[in-house]
Amino acid sequence: MENIQNLPIDIQTSKLLDWLLDRRHCNLKWQSAVKSIREKINAAIQDMPESEEIKQLLSGSCRSPEYIHYFHCLRIVEILKGTEASSKNIFGRYSSQRMKDWQEIVSLYEADNIYLAEVASLLSRNVSYEGPALRKQLAKAQQLQQELSRREVECQSSAADLRERYYAACKQYGITGENVARELQALVKDLPVVLEEVGRDAAKLEEHIQLYTAFTNFVCEWSEPVLPMLSFAQKRGNTTFYEWKMGKVPSVIERPVVEEAPPDTVTEDTIDWGEFGKGTDTQGFTSAITVEAGVDWGISLEPSSEEAGAGGIDWGDSEAAPIEIEIVDAGTDCPEGVARGEDALSILENSQSRSQFIDELMELEVFLTQRITEMGEEGDVVAMSQFQLAPSVIQGQSREHVREMLSEVRDLLGRLTSLRMQHLFMIQASPRYVERVSEVLRQKLKQADILVLKGATMAEKRQEALEEQSRLEPRVDLLAGCTRELQKLIEADISKKYNKRPVNLMGVNI
């Protein structure tokens with residue numbers, strides 16, 4: 001018998017209630033009895049004496065009325081014995097209604113061990129449902145914090161990258177980026193000064209042009225003039241296109257009026273592409289659009305009978321009013337000696353002459369590069385004999401000097417073809433280009449600002465998740481403490497029923 005008395009009784013917590021019912025410790029109808037007891041507890045708890053111990057007993061999520069169980073009721077009765085001692089009569093009974101109510105509740109609990117079924121059900125619920133649910137919420141809050149923290153860092157990194165790209169793009173344009181449209185327009189105002197400097201430096205190309213001319217005449221017996229635009233700019237500088245075209249200095253120069261870019265009225269969601277793609281912009285400059293072969297522009301060379309009255313030209317707009325074309329004598333619209341429109345621009349401002357200027361610079365660059373390569377291979381007798389009859393301007397050149405000439409040519413070419421200069425020429429050709437550039441750059445900043453706001457939102461949500469975690473952790477600890485306390489009470493109560501054999505409730509984990 002001693003050996004049996006020392007054997008522990010191991011009960012799986014999830015099967016505790018079934019174990020009690022199978023061994024007839026509890027009645028199958030315990031739930032209906034508990035319902036009436038709960039109603040009495042809810043009524044009795046409304047009238048409690050001022051006691052700090054009772055307040056502490058009823059505090060916390062595990063001490064709300066629905067969590068008050070038999071063992072709490074026993075403790076309340078013990079406390080009331082002290083607070084209600086004055087109501088005890090000579091027969092040892094209490095006249096206090098509070099004490100009567102709680103003693104009745106205890107008696108109802110003890111009938112058929114209803115209390116044991118209830119606490120077993122409560123323990124099982126804590127272990128199987130309440131605990132896992134709180135742990136799941138806590139894990140979700142912690143995981144959400146990690147995810148939001150990662151996304152916050154990504155937003156900050158992407159925003160910094162966009163701002164870096166914005167300022168890098170501004171640096172390519174040669175502006176600070178504080179006011180893109182105004183800074184770009186200010187750059188265009190400085191463009192003539194830059195081009196004048198290039199025109200003055202073109203005067204240094206005299207020896208380069210002479211060497212190229214002499215070489216082509218000696219090798220190919222080239223009769224036509226070479227590098228005509230460079231030769232003209234080397235002698236005259238960055239003069240007007242009129243002077244290049246007509247061969248004489250104009251008496252009057254009427255430069256086209258430069259239209260300022262309109263105020264920035266582009267909405268946040270719409271990009272206005274302006275007049276891009278039309279043949280002529282608002283300044284009167286012809287857009288540099290290459291006409292592909294095979295494109296039908298709506299012009300018929302063979303007039304039909306219906307088109308005879310309109311000169312045989314189909315303008316592609318049948319609804320528009322008829323356009324009257326007046327043919328005037330050549331020269332009547334622009335008096336002789338007057339440089340107007342594109343003719344009033346300098347040769348480096350005019351897109352046509354500037355393209356020719358750059359093409360001839362590239363031609364000269366290729367020649368000098370090839371000449372340096374050839375001069376490194378002219379150490380043999382055959383090569384020396386080939387240039388015995390060459391002009392002195394060819395024979396007198398050293399390889400180092402030709403390298404210096406090539407460096408000067410590349411410097412001029414780089415100053416005209418840099419990305420910044422390309423943008424300036426585009427801005428000069430169309431004020432709408434300023435709007436487009438401003439909008440593209442502004443979109444980068446807008447996206448960066450959106451990402452910053454998104455990152456701030458992630459930080460707020462992460463803080464909310466942290467607060468949720470801070471709120472859940474005490475609840476988990478409190479539930480774990482209540483469950484362990486309940487476990488010990490149940491084990492002790494069952495142990496009494498089996499002559500104080502040790503009882504172990506298995507699987508109690510919160």
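The values are calculated or read from the model by the stated rules, or taken from the named source; none is laboratory data. Quantities reported herein were computed from a predicted structural model and do not represent experimental measurements. Neighbour counts are summed over all protein chains in view; Cβ atoms, including those assigned to glycine, are modelled from backbone coordinates with ideal geometry. For the accessible areas, the whole protein counts, side chains as well, though only heavy atoms, and no ligand, DNA or RNA atoms are used. Shrake-Rupley method; radii C 1.70, N 1.55, O 1.52, S 1.80 Å.
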Original post:
Within the range 471-505, which residues are open to solvent by less than 80 Å² (accessible area, probe 1.4 Å) and not in a helix (DSSP H, G or I)?
Top reply: Tyr498, Arg501, Pro502, Val503, Asn504, Leu505
Subject >> Criterion: modelled with pLDDT under 85, closer than 25 Å to His423 by Cβ and not in a strand (DSSP E or B) - qualifying residue of Thr267, Thr176 >> reply: Thr267
Subject >> Top-ranked residue in the range 218-234 [being modelled with pLDDT under 90 and surrounded by fewer than 15 Cβ atoms within 10 Å (Cβ to Cβ); ranked as nearest to Ala344 (Cα to Cα)] >> reply: Pro225
Original post:
Using beta carbons and a limit of 7 Å, which pairs, at least six apart or on different chains, have the first residue in the range 244-255 and touching a residue at least 12 places away in the same chain (Cβ under 8 Å) and the second one part of a helix (DSSP H, G or I) and open to solvent by less than 70 Å² (accessible area, probe 1.4 Å)?
Top reply: Trp244/Phe232; Trp244/Ser353; Lys245/Asp343; Pro250/Tyr242; Pro250/Glu243; Ile253/Ala344; Glu254/Ala344; Arg255/Ala344
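In the range 393-407, how many are within 11 Å of Leu205 (Cα to Cα) and surrounded by fewer than 17 Cβ atoms within 10 Å (Cβ to Cβ)? Walk me through it before giving the result.
Quick first cut of the range 393-407, residues within 11 Å of Leu205 (Cα to Cα) only: 405-406.
Filter once more, so that each one left must be surrounded by fewer than 17 Cβ atoms within 10 Å (Cβ to Cβ): none.
Matching residues across the range 393-407 total 0.
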Original post:
Just one of the numbered conditions (1) in a helix (DSSP H, G or I); (2) at pLDDT below 90; (3) farther than 24 Å from Glu342 by Cβ is not true of His208; which one?
Top reply: (2)
Original post:
Within the set of pairs 6+ apart or on separate chains, which have a first residue in the range 493-505 that is farther than 12 Å from Ile9 by Cα, a second that is assigned to a helix (DSSP H, G or I) and among the hydrophobic types (A, V, I, L, M, F, W, C), and C-beta atoms under 7 Å apart?
Top reply: Asp493/Leu116
**OP:** Taking Leu162 as meeting all but one of (1) open to solvent by 80 Å² or more (accessible area, probe 1.4 Å); (2) part of a helix (DSSP H, G or I), write down the number of the exception.
**Re:** (1)
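Only one residue in Arg163, Arg182 is without any contact (Cβ under 8 Å) to a residue 40 or more places away in the chain, basic (Lys, Arg) and out of contact with any strand residue (DSSP E or B) (no Cβ under 6 Å at 6 or more places or on another chain). Which one? If you could, list the steps in order and put the result at the bottom.
On the way: Arg163 fails: without any contact (Cβ under 8 Å) to a residue 40 or more places away in the chain.
Exactly one of Arg163, Arg182 is without any contact (Cβ under 8 Å) to a residue 40 or more places away in the chain, basic (Lys, Arg) and out of contact with any strand residue (DSSP E or B) (no Cβ under 6 Å at 6 or more places or on another chain), namely Arg182.
Could you pull out the residue among Tyr167, Tyr173, Tyr212 that is within 30 Å of Phe425 (Cα to Cα), of a type in the set (Ser, Thr, Tyr) and open to solvent by 70 Å² or more (accessible area, probe 1.4 Å)? Give the steps one after another, and end with the answer.
On the way: Tyr173 fails: open to solvent by 70 Å² or more (accessible area, probe 1.4 Å); Tyr212 fails: open to solvent by 70 Å² or more (accessible area, probe 1.4 Å).
Exactly one residue qualifies, and that residue is Tyr167.
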